[in-house]
Amino acid sequence: MCDHRRVPVRAEHDRAVLARLLGRDPVLHAYQLGDLDDFFWPYTSWFRRGDEVALLYHGADPPTLLAFAAPARVPALAGLLRELAPVLPARLYAHLSPGLEPALADGFTLDAAGAHHKMALTDPARLAAAIPAGVVLHAGDLPALRRLYAAAYAGNWFDPRMLDTGQYVGVRDGDELVAVAGVHVYSPAYRVAALGNVTTHPRVRGRGLAGAAVAALCGRLRDRVEHVTLNVKADNTAALRLYDRLGFTRVAEYGEYTLTARRA
C-alpha cells in the first residue's frame, strides 16, 4: 500500500492520466472531467499526489480550486492540499468535499458560502414526464441573456463563451427572454455535463418555465453525454424540488468557500 506522505505533489499535464483517475467516479468529478475538454483545458492547472487530484481553474475571477473525494479518500487528498497551499493564489474560491477544510486553514481564512449538493440525473422516466420548452440560444442572444440575469440572478457566475457550446435553452415571452437553462461544463469527449445558470424572470415565476427549459436541455444533453449533473445550494428548497421532480438524485455533499491568504 502506497504511503502518500512520501509522495510529492506534482503538476500533471497528461489528460489521459487525469481522465483515468477522475473517471473512477465521474459524477463526483464531472466538473473536473469536463475541464479536460479542449474548451476549458487552457484555463486549468492540475495537481496530483498518487491517485489524488486537485484542479485550479483560472477561467473565473477569483480562480477556483476543485478538490473532491469519497470519505475514505479524504485524508489522502487533504495531504495534497496541505502541500499545495503555499503555492496557491492569495485569494481564491474553493469547492471542497467535507473534511478537507482543515488542510487549508493554516494558510487561509475560509469564508463559507454554504453547504451544497451534487446531483445527477438518475431517473430518466421522470424527465420524460416533463413537457420541454424553449429554443437553443446563440451568441446573438447574449444581450437578452444578460438582461435576464441582471433581473433574476444577479451575482451568478456566467461565462459568455458557454453560449458557443449550443447548450443554453431559453424561453421567450414575446421578444423578452424570461427563462433559461444552461451549462457550466459540457464535454461530449468526456461524456459529462453540469447544468448551471438556470433561472426565471421574477414576473413569470410559478409557471414551470425553468423546469420546461431544464427538461428541453436535458433531452439534448442525454443524446451527447452519459452523465448529466448539477450543483445546488443545500438550502435552495425550490430548486431541490424541481430537480427531484425531473429525476435528479443527490449523490454527494460539498462546501463552497472564499479563501484569503493569512498574513505572515
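So, Val53, is that one touching a strand residue (DSSP E or B) at 6+ places or on another chain (Cβ under 7 Å) and either within 24 Å of Ala113 (Cβ to Cβ) or not aliphatic (A, V, I, L, M) (or both) or not? Yes; evaluated as a whole, the condition is true for this residue. Selection of region 24-50 for residues being under 20 Å from Thr249 (Cα atoms) and without any contact (Cβ under 8 Å) to a residue 40 or more places away in the chain yields Arg24, His29, Gln32. Pairing residues of region 1-16 that are within 18 Å of Leu55 (Cβ to Cβ) and among the small types (Gly, Ala, Ser) with residues that are outside any loop (DSSP other than H, G, I, E, B) and at pLDDT below 90, at Cβ distances under 6 Å and at least 6 apart in sequence or on separate chains, gives no pairs at all. Among the residues making up region 90-131, a single one is over 22 Å from the mean Cα position of the chain (by Cα) and aromatic (Phe, Trp, Tyr): Phe108.
Taken as a whole, the condition of being surrounded by fewer than 21 Cβ atoms within 10 Å (Cβ to Cβ), within 17 Å of Ala105 (Cβ to Cβ), in the same structural domain as Asp111 (by TED's automatic domain parsing) and not aromatic (Phe, Trp, Tyr) does not apply to Ala78. Do we find a residue being at pLDDT 95 or above and closer than 16 Å to Leu36 by Cα anywhere in region 201-213? Scanning region 201-213 turns up no residue that is at pLDDT 95 or above and closer than 16 Å to Leu36 by Cα.
Going by what's in this entry, would Pro132 be described as in contact (Cβ under 8 Å) with a residue 24 or more places away in the chain, more than 30 Å from Pro75 (Cα to Cα) and either assigned to a loop (DSSP other than H, G, I, E, B) or touching a Lys or Arg at 6+ places or on another chain (Cβ under 8 Å) (or both)? Taking the combined requirement at face value, the residue satisfies it.
For region 211-264, filtering for residues that are part of a loop (DSSP other than H, G, I, E, B) and touching a residue at least 12 places away in the same chain (Cβ under 8 Å) leaves 9.
Mind listing whichever residues of region 47-86 are acidic (Asp, Glu) and assigned to a helix (DSSP H, G or I)?
Within region 47-86, the subset acidic (Asp, Glu) is 51-52, 61, 83.
Of everything in region 47-86, just one residue is acidic (Asp, Glu) and assigned to a helix (DSSP H, G or I), namely Glu83.
The values are calculated or read from the model by the stated rules, or taken from the named source; none is laboratory data. These numbers come from a predicted model, not from an experiment. Reconstructed Cβ throughout: ideal geometry from the backbone, glycine too, with neighbour counts over all protein chains shown.
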